[in-house]
Amino acid sequence: MSDFLLELRSEEIPARMQAGARADLEKLFRKQLDAAGLKAGEITVWSTPRRLALIARDLPLATEAVSEETKGPKTSAPEQALEGFLRKTGLTKDQLTERDGVWFAITEKPGRATKDVLAEAIPAIIRAFPWPKSQRWGAASLSTESLRWVRPLSGIVAILGEDLVECEIGGVKSGYATLGHRFHHAGEITIGSANDYAEKLRACHVIVDHVEREAMVREKAKTAAEAAGLVLVEDEGLVIENAGLTEWPVPLLGRFDEAFLDVPPEVIQLTARVNQKYFICRDAAGKLANAFVCTANIEAKDGGAAIVDGNRKVLAARLSDARFFWEQDKKKPLSLHAEKLSRITFHEKLGTVAQRHERFISLVNDFQGQLEAGVPAAKQAAAILKADLVTEMVGEFPELQGLMGGYYAEAEALPSAVSDAVRDHYKPVGQADAVPTAGASILVALIDKVDALVGFFGADLKPTGSKDPFALRRAALGTIRLITENNLRLSLGQLFRAAAQLYRNQGIAVENSSEDLLAFFADRLKVQQREAGVRHDLIDAVFALGGEDDLVRLLARVHALQAFVGTEDGTNLLAGYKRAANILKKEGFATNPNAGSEGEGVVPPTGEEDPLVLVDDPALKGVAAQFSHPECNYTREPAEQALVDALNSAEPQAAGAIAAEDFTAAMAALASLRAPIDAFFDQVTVNDADANKRSSRLALLDRFRAAVHKVADFSRIEG
């Protein structure tokens, strides 16, 4: 067994590509080993800006000899079949083996030296490497068939044990030599084996292990901030990026002019992070400090003073631009900025952003009486909600949309409820994001999402498969969280229809997609509630009743149902329901308890099941009630009568509890049916020879099923 080292050296590999490159290198290497029948022990892959390195432990020195057997035609098959098999295998008839009347081709493949396998594998890996972006170089680049790599490939180290694996690709030959740090070490380094690779590079100021470099950046940046009495703002993405930009990371703290702190802190952080890859710091009170931490790639003789000074000047230039945008944008109120939104298309099928503002204001009006506390501020916010999209700052940093709108609203002394609503109207962006809780903020966050959902669904631009270019799944989840976490009592269907009508009022053709949207929300609700431990089939069971688009009430019913089906009564009632449903299905009763049913021994429907349903005379209501559960013309058995009595009691109790939204009480009413239905099945013959008895008992089971369906569609419940 021997260890194998492969290093592929090039010019700078972008930091954002390094993690993917490590995974691709291991995947391609394993594929080559598998094809050759080789198995390695532990495989380690490292990256620096200038190299990808792989170490495979415990490789055998040769592959094993193998015998491959290919089944051919029967010996009695026509001659043409045998000739085709011989052409396929490249053998002659006398080289075949006959067994049980069948020809077999047996090929012996001798073992190969692992070094030879690797010599072929390395060029294959390099040619197959799937860089997101790659380039050709040199004279050979005139041909489209020339070698491609992320940057010009300059060196290959390939050592098995202590032996060189000789290979060549694109004029680059493998060898024992590599290079150390660009500034700290001149000349080549000779690598003896995989075992001394990392330490020899370390001696030449290269930390080849990216995880170790990340730890150095993380710890030394924190130490630099603490030494100045500050707190580093942690940013794992910056840690990884700085480690990917350096082979010998040296974090250094610098200062910028305090005057820049007048700019919103998020702008400073984004400027430092995106443009310069710097960390920022806060003081002990949590306020942004005029300090940054940059990561050098060398140990400077002056302790990094010149490096810090150069970085400070570059950051100052960036912050000056940001301050200019901030001051320029504040010269006009958001209402004037909003006038430019008529030139920005929301979507070619859905009009302009200015038209969205008009719809926003109208949608806020639809909430009158439902969330009165936030309506006045929400109207004011709705008129300027997207105004920051045309500001200089958001043009430079699109990530700050909404947030900058809040700052600009605050700067022009608009009410805090308005500025907060503008700032937070994109929330919640993800599952971990906070949900607005103030009335105006809730309203504008809700109308922004609903308007987009209704528009894109109405224009038939729904998510398909994994594709969701307009982030509609995120919008639906955000809407669900806004409603449920703020306990908003509203009809989603009514809101969707109102939003669709507003599009049509503007002459924008959108279909009424309320039903599709409710189904979409049901799916998103199942995804969201799964993490909270709520069963998806129970959500289906409540949604299947139809007409339930109040998410707060729906979830209250689902939670009560989940608690109920987890009890012994719930489990047994479900079993009784399924037994009743199976009997009714077998006898031809419709599965929809609200539909007419016709089966053997059942009086066929005549068009109007309740002959007095159209009678308006109040004096006849008592008469009509007698027809709802007609008396049977025989003496019921005790268990049969007990079920009738239980239904007579449970049905009004469950109906009253549901009307009062006391779903726990509704489940308790259902629980009272558990013992009677069990006894009914134990003691009563449903399919009696007497047609009248059979018809009456089937009708009783249908009544039981309908009573259960008033609470939930138990046919959707698994188990």
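The values are calculated or read from the model by the stated rules, or taken from the named source; none is laboratory data. Remember, predicted model here, so these are calculated numbers, not experimental data. So basically every Cβ, Gly included, is an ideal-geometry build from the backbone, and we count neighbours across all protein chains shown. Only protein heavy atoms, including side chains, enter the accessible area calculation; ligands, DNA and RNA are left aside. Shrake-Rupley method; radii C 1.70, N 1.55, O 1.52, S 1.80 Å.
Side notes on the structure shown:
- Kirkwood estimate for the chain, i.e. one over the average of 1/r between Cα atoms, Å: 33.2
- Among 640-647, 17-24, 432-439, 96-103, sorting by the average number of other beta carbon atoms lying within 10 angstrom of each residue, highest first, gives 640-647, 17-24, 432-439, 96-103.
- Accessible area (Å², 1.4 Å probe, nearest 10) - Trp131: 20
- Prolate/oblate/rounded call for region 1-104, Cα gyration tensor, a/c under 1.5 rounded: prolate
- For region 75-193, the solvent-accessible area of protein heavy atoms averages 57 Å² per residue (probe radius 1.4 Å; ligands and nucleic acids excluded).
- Accessible-area ranking of Thr479, Thr664, Thr571, largest first, probe 1.4 Å: Thr664, Thr571, Thr479
- Accessible surface of region 636-684, 1.4 Å probe, proportion on carbon and sulfur as whole %: 54
- With Cα atoms, 0 to 90° folded angle of helix 691-709 axis to the chain main axis: 50
- Counting only alpha carbon atoms, the long axis of helix 492-505 and the longest principal axis of the chain meet at about 70°.
- Rounded, prolate or oblate (a/c below 1.5 giving rounded, otherwise prolate when a/b exceeds b/c) for region 387-431 by Cα gyration tensor: oblate
- From most to least packed by mean Cβ count within 10 Å, the peptides 530-537, 116-123 give 116-123, 530-537.
- Alpha-carbon spread of region 474-586, three principal axes, descending order, Å: 55, 36, 21
- Tilt relative to the chain, helix 353-366 - C-alpha long axis, 0 to 90 degrees, to 10: 30
- Across Lys585, Lys301, the residue with the most accessible area heads the list, and the full order at a 1.4 Å probe is Lys301, Lys585.
- The alpha-carbon of Lys467 sits under 27 angstrom from the alpha-carbons of these lysines, leaving out residues fewer than 8 places away in its chain: Lys27, Lys133, Lys349, Lys386, Lys427, Lys449, Lys526.
- Förster radius 56 Å - calculated FRET efficiency between Lys173 and Thr75, Cβ distance, rounded to 0.05: 0.60
- Remark: region 643-719 carries 40 Å² of accessible area per residue (probe radius 1.4 Å; ligands, DNA and RNA excluded).
- Estimated at 0.36 nm per residue, the fully extended path between Arg474 and Lys287 surpasses their Cα-Cα distance by 64.1 nm.
- Solvent-accessible area of Ser441, all protein chains in place: 0 Å² (probe radius 1.4 Å, heavy atoms, ligands and nucleic acids excluded).
- Calculated [θ] (222 nm, deg cm²/dmol) that DSSP helices of n ≥ 4 give over the chain, each run adding -39,500 (n - 2.57): -15000 deg cm²/dmol
- Local charge for Val102 was computed over the other residues whose Cβ lies under 13 Å away, with Lys and Arg +1 and Asp and Glu -1, and equals 0.
- Measuring nothing but how far apart in sequence close Cα pairs (under 8 Å, 6+ apart) lie, relative to its length, region 215-254 scores a relative contact order of 55 percent.
- Close amide H pairs (under 5 Å, H built 1.01 Å from N) link Leu153 with no residue at least 5 positions away or on another chain.
- Protection-proxy order for peptides 255-267, 287-299, each taking the mean of Cβ atoms within 10 Å per residue, highest first: 287-299, 255-267
- Spatial offset of region 315-371 relative to region 494-524 amounts to 24 Å, using the alpha carbon center of each.
- Bridgeable aspartates and glutamates around Lys277 (alpha carbons under 15 Å apart, same-chain partners fewer than 8 residues away excluded): Glu214, Glu234, Asp235, Glu236, Glu241, Glu266.
- Counted by Cβ distance under 12 Å from Gly455, the other residues give a net charge of +1, where Lys and Arg count +1 and Asp and Glu count -1.
- Alpha-carbon centroids, region 381-406 and region 417-478: separation in whole Å: 16
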